[in-house]
Amino acid sequence: MANKITPPQVEQTFERFPLARRIEHLTMLLSFTTLGLTGLVQKFALSPISQFLVGLLGGIERTRAIHHFAAIVLILGAMYHLIVFGYHMFVLHTHLSMLPSFQDAKDAFQALMYNIGLAKSRPKMGRFTFEEKAEYWAFVWGTVVMAITGFLMWNPITSAKFLPGEFIPAAKAAHGGEAVLAVLAIILWHMYGVHIKFFNKAMWTGKMTEAEMLHEHPLELADIKSGIANRRLDAATIRRRQKIYFPIASVLILGMAAGIFSFINAEDTALKTIPPQDSQKIEIYVPQTATPQPTSTPAMSPTATNTPATTPQSNSGTIVWNGGVNLIFQKCSMCHGADAKSALNLTAYADAMKGGISGAAFTPGDSANSAMIVKFESGKHPYAALTADELAQIKVWLDAGALEK
């Protein structure tokens, strides 16, 4: 008698995520990855890796455009998730198993005790584990923060009409910090929980084997086998609730679409980064009205070499004290006036020629050895109030004999 060949038994599987949920997960995965990549290279713009990636993406403006597009996809995915959540809650009366509970805290504590060897067994969890709930709500919180701060950064002028200007740099700091936190959470928490600790393929295949369910979700497996998890409402009840929910959902969709349109087109900030122009000189600031230029020094008198035409002269064409250099010394009267503490008085010709406690300030006929000229040209005078032209006129006056009139 021939041996009967027993066909291999196919391990039973259970549906965990329908196709729509898997597409939603893939969309959010791609948009999140794109946002993380194009956002972090802007936050750490001076890094050589960031500069390489920005160049690979086609420049900073194209990087920003890709970042904005991925942000819109993420927001659309979040809104779709809200509509589906409302349908399951109102129409199907699905159990809200993703809501956190006190049991999650107990499961987390038991898992910690098990990992360090102080508990004999892992916690038995249902549809979603405490790790999955924590990651889900962290994603929800992060999406809200990133959407709000992203709007403030995307539309700073509109935002500043309703909020103090300090909110814009604060939004930039929060946006960048939350981005780093989110990326690290995915790399450390999600990668370990889904790909390292236990390679969960449910988001790709939509199914889990009985052994996988028993290991990760034993309470849900028990509900499925007992028939509790598969209870369905009658078709008439579902249709009645759909008639109520669909109009509400339509209004919500239109409102959210208008919100996204406003988000994108609220303003044109014109904050574009222009690459350096090496081939041409670009004037950074060009005022609408020409900047007033100082009055040029009058030409020298043809009758007196090196003597400004505006400086009063004697009949022989020589610069004199009265109406000439005494006008220059008026700016020195605060320290060298009749009532000033300084011993040198430059308000009167006789007092000026007398000098101060250090001796004569002026040497007629010899400007090079005059104490006043030497002190100014050596830079030892504490207040260099005289211009080069004024100093030149005083030299001419001294070399001509320092005449009073």
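The values are calculated or read from the model by the stated rules, or taken from the named source; none is laboratory data. Model, not experiment: these values are computed from the prediction. Neighbour counts run over all protein chains shown; Cβ positions are idealised from the backbone, glycine included. Note: areas computed on protein heavy atoms with side chains; ligands, DNA, RNA excluded. Shrake-Rupley method; radii C 1.70, N 1.55, O 1.52, S 1.80 Å.
Quick look at the numbers
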read-out	value
Selection from segment 385-405 of residues that are of a type outside the set (S, T, N, Q), part of a loop (DSSP other than H, G, I, E, B) and over 15 Å from F362 (Cβ atoms)	A385, K405
Which listed residue is among the aliphatic types (A, V, I, L, M), in a helix (DSSP H, G or I) and crowded, with 18+ Cβ neighbours inside 10 Å, from A108, A171	A171
Subset tally (residues that are free of Cβ contacts under 8 Å to residues at least 60 places away in the same chain and in a helix (DSSP H, G or I)) for segment 191-202	5
Selection count where residues are surrounded by 16 or more Cβ atoms within 10 Å (Cβ to Cβ) and within 17 Å of R127 (Cα to Cα), scope segment 184-199	2
Every residue from segment 89-117 that is over 39 Å from the mean Cα position of the chain (by Cα) and either charged (D, E, K, R) or closer than 30 Å to I253 by Cα (or both)	F90, V91, L92, H93, T94, H95, K106, D107
Any hit, segment 364-384, residues being open to solvent by less than 50 Å² (accessible area, probe 1.4 Å), at pLDDT 80 or above, among the polar types (S, T, N, Q) and in contact with a strand residue (DSSP E or B) (Cβ under 7 Å, 6 or more places away or on another chain)	no
Sole residue being in contact with an Asp or Glu (Cβ under 9 Å, 6 or more places away or on another chain), at negative phi and of a type in the set (D, E), chosen from E24, E61, E15, E11	E11
Residue match in segment 203-223 (condition: part of a loop (DSSP other than H, G, I, E, B), in contact with a strand residue (DSSP E or B) (Cβ under 9 Å, 6 or more places away or on another chain) and either within 20 Å of Q12 (Cβ to Cβ) or open to solvent by 80 Å² or more (accessible area, probe 1.4 Å) (or both))	yes
Selected residue [of a type in the set (A, V, I, L, M, F, W, C), within 19 Å of W321 (Cβ to Cβ), open to solvent by 70 Å² or more (accessible area, probe 1.4 Å) and modelled with pLDDT of 80 or more] from A350, A402, A388	A350
Single match in Q103, Q12 (criterion: open to solvent by 80 Å² or more (accessible area, probe 1.4 Å) and either farther than 25 Å from E135 by Cα or in contact with a Lys or Arg (Cβ under 6 Å, 6 or more places away or on another chain) (or both))	Q12
Any chance A119 is closer than 30 Å to L214 by Cα and assigned to a loop (DSSP other than H, G, I, E, B)	yes
Hey, Y114 of a type in the set (S, T, Y), under 30 Å from K172 (Cβ atoms), assigned to a helix (DSSP H, G or I) and open to solvent by 40 Å² or more (accessible area, probe 1.4 Å) or not	no
Residue in segment 132-140 that is free of Cβ contacts under 8 Å to residues at least 40 places away in the same chain, of a type in the set (K, R) and closer than 30 Å to K207 by Cβ present	yes
Lone qualifier among S97, S31 - being open to solvent by less than 50 Å² (accessible area, probe 1.4 Å), hydroxyl-bearing (S, T, Y) and outside any helix (DSSP H, G or I)	S97
Qualifying position, being closer than 20 Å to Q42 by Cα and in a helix (DSSP H, G or I), among L152, L188	L152
Top-ranked residue of segment 325-347 - restricted to ones that are in a helix (DSSP H, G or I) and either open to solvent by less than 50 Å² (accessible area, probe 1.4 Å) or of a type in the set (F, W, Y) (or both), ranked as farthest from A392 (Cα to Cα)	C332
Qualifying residue in segment 42-58 (condition: under 21 Å from L181 (Cα atoms), open to solvent by 40 Å² or more (accessible area, probe 1.4 Å) and either basic (K, R) or touching a Phe, Trp or Tyr at 6+ places or on another chain (Cβ under 7 Å) (or both))	yes
